[in-house]
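Only the coordinates and a few stated rules stand behind these numbers; no lab work does. Just so it is clear, the structure is predicted and the values come from calculations on it, not from any experiment. Positions of Cβ are generated from backbone atoms using ideal geometry, with glycine treated the same way; all protein chains shown enter the neighbour counts.
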Amino acid sequence: MSLPKVLAALLGALRTTLKVWAATGAPASGEGSPAELAVRCLRDLTGGTGMVTP
């Protein structure tokens, strides 16, 4: 995957993460946090290519 595609996926994941998190009462850390949501979104956006590891 090219760098521009990875960066586009990253930005999409971050945008989606913050929108989802802001709409919930989830804490700032732990399960449901922005970091956990971002990793989940990145994994989905990169199609499980193994580019994102915890």
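Which order do the peptides 14-21, 38-45, 3-10 come out in when sorted by mean C-beta neighbours inside 10 angstrom, highest first? Don't skip to the answer; put the middle values down first.
On the way: 14-21: 15.2, 38-45: 17.8, 3-10: 12.6.
Going by the mean number of other Cβ atoms within 10 Å, highest first, we get 38-45, 14-21, 3-10.
For the chain, take the longest principal axis of its alpha carbons; what is the angle in degrees between that and the long axis of helix 3-22, to the nearest 10 within 0 to 90?
The angle comes out at about 10 degrees.
What is segment 3-45's relative contact order, in percent, from Cα pairs under 8 angstrom and six or more apart in sequence?
Value for segment 3-45: 45 percent.
What angle, in degrees between 0 and 90 and rounded to the nearest 10, separates the Cα long axis of helix 34-45 from the longest principal axis of the Cα atoms of the chain?
30
Dividing the alpha-carbon radius of gyration of segment 3-45 by 2.2 N^0.38 Å (N being the number of residues), what value is obtained? Spell out each step's value before the answer.
Numbers: Rg = 10.4 Å, N = 43, 2.2 N^0.38 = 9.2 Å.
So the Cα radius of gyration is 1.13 times the expected 2.2 N^0.38 Å.
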